[in-house]
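What follows is a set of notes on a single structure, which appears directly below.
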Amino acid sequence: MPANVTSDEVWREVSKGYFAVLGFVTPRGEARTAGIVYAVRDREVYIATGRDSWKARHIARNPRVSLTVTIPKRIPFLPWLKIPPATISFQGEASIYDAGEVPPEIPRALLRGLEVTPELQKEVCVIRIRPAGKFVTYGVGVSLPTMRKPEAARGRAPV
């Protein structure tokens, strides 16, 4: 039986994190991924990147993306035991904005303490991802022993 996970539970986990792997497609149709730092606001995910970065250029041409959030798992008092992280994956539609076009708390959260100067705003853009479809989870809302049983550790929840 699959894991019984709710949308609210998944959003709580996504909101607690800050690192994910972003998947996108090049104009030649080649799949690419990039590790990113993100922030969540109103059930949308935001990413800051260079205006001339590959991510921004590729997403401008094809806004369909995927995101996988990893959730570290550890056993208290046994930190040397290696446990794979839990994951949350979803698809979405990405839009690109100038840093000044989004609420100011978003660039501040994404740039983690850097002063958002006019010069920095010219170099950086913000990518907003609106999730669509379903979250696909592994190890979310289940015990560590349950993670050893793939059929019981997998879950789905509407976005």
| task | Across the stretch 7-158, how many lysine pairs, 8 or more positions apart or on different chains, have C-alpha atoms separated by under 17 Å? Please give the number. | result | 5
| Test item: Cα-centred dipole of the stretch 7-158, Lys/Arg +1 and Asp/Glu -1 on Cβ, debye | 640
| note | The long-range amide H neighbours of Ala86, using H built 1.01 Å from N in the peptide plane and a cut-off of under 5 Å, are Ile71, Lys73
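Any idea what the relative contact order of the stretch 7-158 is, in percent, if you count C-alpha pairs under 8 Å spaced at least 6 apart? Intermediate results must be reported in sequence, preceding the final value.
On the way: 294 pairs, mean separation 37.4, N = 152.
With pairs under 8 Å counted, the relative contact order is 25 percent.
Looking at the chain, which longest stretch skips every one of the GluC sites (Glu not before Pro) that is in a DSSP loop with at most 14 other Cβ atoms within 10 Å, leaving the sites themselves out?
Working: sites that count: Glu30, Glu115.
Counting only loop sites that pass the neighbour cut-off, the longest clear stretch is 31-114.
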| query | Once both axes come from the Cα atoms, what is the angle between helix 7-16 and the longest principal axis of the chain, in degrees from 0 to 90, rounded to 10? | reply | 60
| note | Calc'd 3J(HN,Hα), the stretch 90-107, phi into Karplus 6.51 cos²θ - 1.76 cosθ + 1.60 (θ = phi - 60°), Hz, glycine/Pro = x, comes to 7, 9, x, 10, 9, 10, 10, 10, 5, 4, x, 8, 10, x, x, 5, 6, x
| HN-Hα J in Hz across the stretch 127-135 - Karplus 6.51, -1.76, 1.60, θ = phi - 60°, x for Gly and Pro | 9, 9, 10, 9, x, 9, x, 10, 7
| field | Amide hydrogen neighbours beyond the local backbone of Phe135, cut-off 5 Å, H modeled | value | Ala157, Val159
| field | Qualifying trypsin sites (Lys or Arg not before Pro) for the stretch 61-159 [loop in DSSP, other Cβ within 10 Å: at most 15] | value | Lys73, Arg74, Lys82, Arg112
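Please list the equivalent ellipsoid semi-axes of the chain, computed as the square roots of five times the alpha-carbon gyration tensor eigenvalues, in descending order and whole angstrom.
Details: eigenvalues 183, 63, 40 Å².
The three semi-axes for the chain are 30, 18, 14 Å.
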| request: Express in whole angstrom the spacing between the alpha-carbon centres of the stretch 1-80 and the stretch 95-159. | output: 5
| request: Work out from phi, with θ = phi - 60° and the Karplus expression 6.51 cos²θ - 1.76 cosθ + 1.60, the ³J(HN,Hα) of each residue of the stretch 19-31, listed in order in whole Hz, and give x for Gly and Pro. | output: 10, 8, 10, 9, x, 8, 10, 6, x, 7, x, 8, 6
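Bear in mind these aren't lab numbers, they're just calculated from the coordinates by the rules spelled out. Keep in mind the model is a prediction, meaning the values are calculated, not measured. Methodologically, a virtual Cβ is constructed for each residue, glycine included, from the backbone with ideal geometry; neighbour enumeration extends over all protein chains shown.
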